[in-house]
Structure formats: structure tokens, C-alpha cells
Amino acid sequence: ARYVAEGVPLSEILLVTFTRMATSELRDRVRTRLVDTERAIGRAVAGVAPDPAADPVAALLATGDPAQVTARHERLRTAVADFDVATITTIHGFCMNALDALGLGRDLTFLDDVRDLVDETIDDLFLSRAAAAPGHDLSLADARAAGRAAAFDPFAELAGQRIPDSVPGLRTSFAEGVRTGFEARKRHRGVQGYDDLQGRLWAALDDPTAGERAREQLRARYRIALVDEF
């Protein structure tokens, strides 16, 4: 409410939270806050000052030159009327929107749940390695645990023991194989999951050639970023 009242358009403020349910709640709370503040400043313009004890933000925004207070009220009223332009989203929703804005979001189908594809990758790799080396010491349960951990935490470093033919060494090698195979299957099928949204956006912003331009686009789009539970 303070940013909007002082001149930052609501469309240039980014609010990010974690879940869809939290996003819905945050939208409601932000809109309620803007409406309540707009009404309080409107009353201040009419000569009824807000109570600082009840609403210190409204009291702050009602303080100053009358023309400034009137301008703050107009900005708040515009924000309430144009509330649909507000970007209030999940982390992954932000990544998807940013990739679209950069022209990078239309080539892949989004999968809400990639577990079946992960397990398919694990089972196929386990069978192929079992056929190539019968009697190896890695159980299917152990392979699935290692493979799922690697696939579902794609940014984690695989730092297990590298002793050949030992169970820790086999587990690490298998996890690497699953991660590589999982990425290859996603590319082949033209799909992406939640983790891919973060990874692709990071890669776009960190690109040595086009990264600075991508970063500037986001800076131009959003002047203020507020991250819930940052």
C-alpha cells in the first residue's frame, strides 16, 4: 500500500509466495489492504484523519501536503480499480511468466507430476545395468531411492563415494545415470516439470551472452519484488 501510494504502479510490483492456496489468500489480503487504505486516505482528504494507533500506515500516508495526500489517494483508487494487473503468484508461476516474457516458455508441455517419468527412467536403467552386470549389489529399492533423490533435487551435488563396485559407488553412479536419463527423456518428449522452470529461468538469466538483456527485461518489468517468507 505504501509503495502504490507513493507512485509505484501496482503492475510493477511482484509478490511471490509458495503455494497456490497461499497465493489466493495473499491476493485477498493485498486487495483488502489496498481498499481499506484507499478509504482511510479518502476520509483524510475529506478532513477525517486516520487513527495512528489503529492504522499507522494510513496515518503515515495521510500526513503531508494536501496535494500529496490527494495524489496518494488517487493512486490507491487506481490500484483498486485495476487490481487484476497485480502479479501475485507462486515461485513456479513467476518462473513460467518470466520465461514467457523472455520468449522461452512456449516450446515445452508442462507436467504437474513427473513421478511416473522418473520411475520409468529408474526401472529401465536398473534393468539395463542388471543385464550388463548380473549379480551387482545394488537392490531395486536402493536404486529407486538414489534415483528419486537425484531426479527430484536436480541442483544438489552428487557427492557419494566413488569406490568402484562398492554399494555407495554403485548408488552414486546410478543416481548420475538417472539424472542424465531423466533429462534426456524430458527433452525427447518435450515436457518440463516444476524444477525445470527454475532451472531454465536461472540458465536464461545467467547466460553469458543473453543473460544481461534478460535481467534488464525483468528489472524493467518489476520495480519492487516482495517474497513471502523470504
Problem set entry | Candidate set from the range 48-85 (those that are assigned to a helix (DSSP H, G or I) and charged (D, E, K, R)); member that is surrounded by the fewest Cβ atoms within 10 Å (Cβ to Cβ) | D84
For this session: Please work out which residue is nearest to Q192 (Cα to Cα), limiting yourself to the range 86-111 and to residues that are open to solvent by less than 70 Å² (accessible area, probe 1.4 Å) and without any contact (Cβ under 8 Å) to a residue 12 or more places away in the chain.
Result: G105
Problem set entry | Residues satisfying the stated conditions in the range 86-111, i.e. part of a helix (DSSP H, G or I) and either of a type in the set (S, T, Y) or within 14 Å of the chain's Cα centre (by Cα) (or both) | I91, H92, G93, F94, C95, M96, N97, A98, L99, D100
Exercise. Within the group E157, E212, E216, E229, which residue is more than 18 Å from L102 (Cα to Cα), free of Cβ contacts under 8 Å to residues at least 12 places away in the same chain and open to solvent by 70 Å² or more (accessible area, probe 1.4 Å)?
Worked result: E157
Exercise. If you go through the range 47-58 one residue at a time, do you hit one that is among the acidic types (D, E) and under 30 Å from Y194 (Cα atoms)?
Worked result: no
Exercise. Does the range 112-152 hold any residues that are within 21 Å of H92 (Cα to Cα), open to solvent by 60 Å² or more (accessible area, probe 1.4 Å) and either acidic (D, E) or in a loop (DSSP other than H, G, I, E, B) (or both), and which are they?
Worked result: D112, D113, D116
Exercise. Are any residues in the range 30-47 over 24 Å from D228 (Cα atoms) and either in a loop (DSSP other than H, G, I, E, B) or open to solvent by 80 Å² or more (accessible area, probe 1.4 Å) (or both), and if so, which ones?
Worked result: R39, R43, A46, G47
Exercise. Only one of F182, F174 is open to solvent by less than 90 Å² (accessible area, probe 1.4 Å) and modelled with pLDDT of 95 or more; which?
Worked result: F182
For this session: Might you check whether a residue that is loosely packed, with under 14 Cβ neighbours inside 10 Å and either at pLDDT below 90 or closer than 19 Å to D116 by Cα (or both) occurs anywhere in the range 189-204?
Result: yes
Exercise. In the range 1-29, which residues are part of a helix (DSSP H, G or I), in contact (Cβ under 8 Å) with a residue 40 or more places away in the chain and charged (D, E, K, R)?
Worked result: R2, E12, R20, R27
Problem set entry | Total residues in the range 19-29, condition surrounded by 14 or more Cβ atoms within 10 Å (Cβ to Cβ) and over 20 Å from V57 (Cβ atoms) | 2
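The values are calculated or read from the model by the stated rules, or taken from the named source; none is laboratory data. Since this is a predicted model, take the numbers as computed values, not measurements. Using ideal geometry, Cβ is built from the backbone for each residue, glycine included, and neighbour counts are taken over all protein chains shown. Surface areas here come from the heavy atoms of the whole protein model, side chains and all, with no ligands, DNA or RNA. Shrake-Rupley method; radii C 1.70, N 1.55, O 1.52, S 1.80 Å.
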